[in-house]
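A.B. asks: Questions regarding the structure given below will be posed in turn.
All of the numbers you see were taken from the coordinates with simple rules; none came from a lab. This is a predicted model, so every value here is computed, not measured. As a convention, Cβ positions derive from the backbone with ideal geometry for all residues, glycine included, and neighbour counts pool all protein chains shown.
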Amino acid sequence: MIRLYSNKRICLTALVIMILAAPLLCFSQTTGKNNTDSLPRTEISKADSTVLAKATSLFKSGDIQQGKSLFIKTIEKIRIPGYENTEAGLWHKLALLIPSRDTIGITRLYCLRKMHELYKQAGNEERQIEALKCIADLHLVQGRLDLAETQLLDVLERLHRLPDA
């Protein structure tokens, strides 16, 4: 009983720290806006944008597997060295469309990890931290409090190492 209480207290403390360190949680951004707007327009062709719009509409109509398939085809099409930030943005958009409790095929966690890996390849430390916050938030949603706490502590450590801008 004492261990359970202390685990809950630690997790709540970590949650408070996360909220103070980063006021906007990653998944609070799912407002229905087209998230490709934040991606550089020169890196996604009109044809690819059309495919992404179709994939998004498939997700909204409930055909998740077909939507995933279209997204993956588009991501593979733009997988070129130097386009890591664009590819990571697409993985993020895909992650936001996949239900958090989906465990079949490509999951939200897989997408977020790919996003983190690509930002790491691109050397984008701030976006890496954002990806880690999203992963921690997903762990919180899924009830994996120990993983979420570990991830949040890593995020805080990385935030402290960032140079002040």
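A.B. asks: Quick one: in region 93-147, of everything that is in contact with a helix residue (DSSP H, G or I) (Cβ under 6 Å, 6 or more places away or on another chain) and charged (D, E, K, R), which residue is nearest to L162 (Cα to Cα)?
C.D. replies: Checked region 93-147; the qualifying residue nearest to L162 (Cα to Cα) is R127.
A.B. asks: So which of D164, D137 is in a loop (DSSP other than H, G, I, E, B) and either farther than 20 Å from F59 by Cα or among the hydroxyl-bearing types (S, T, Y) (or both)?
C.D. replies: D164
A.B. asks: If I filter region 97-145 down to residues being of a type in the set (S, T, N, Q) and without any contact (Cβ under 8 Å) to a residue 24 or more places away in the chain, which single residue comes out as surrounded by the most Cβ atoms within 10 Å (Cβ to Cβ)?
C.D. replies: Selected residue: T107.
A.B. asks: Please state which one of R127, R79, R113, R158 is out of contact with any Leu (no Cβ under 6 Å at 6 or more places or on another chain) and part of a loop (DSSP other than H, G, I, E, B).
C.D. replies: Being out of contact with any Leu (no Cβ under 6 Å at 6 or more places or on another chain) and part of a loop (DSSP other than H, G, I, E, B) holds for just one of R127, R79, R113, R158, which is R79.
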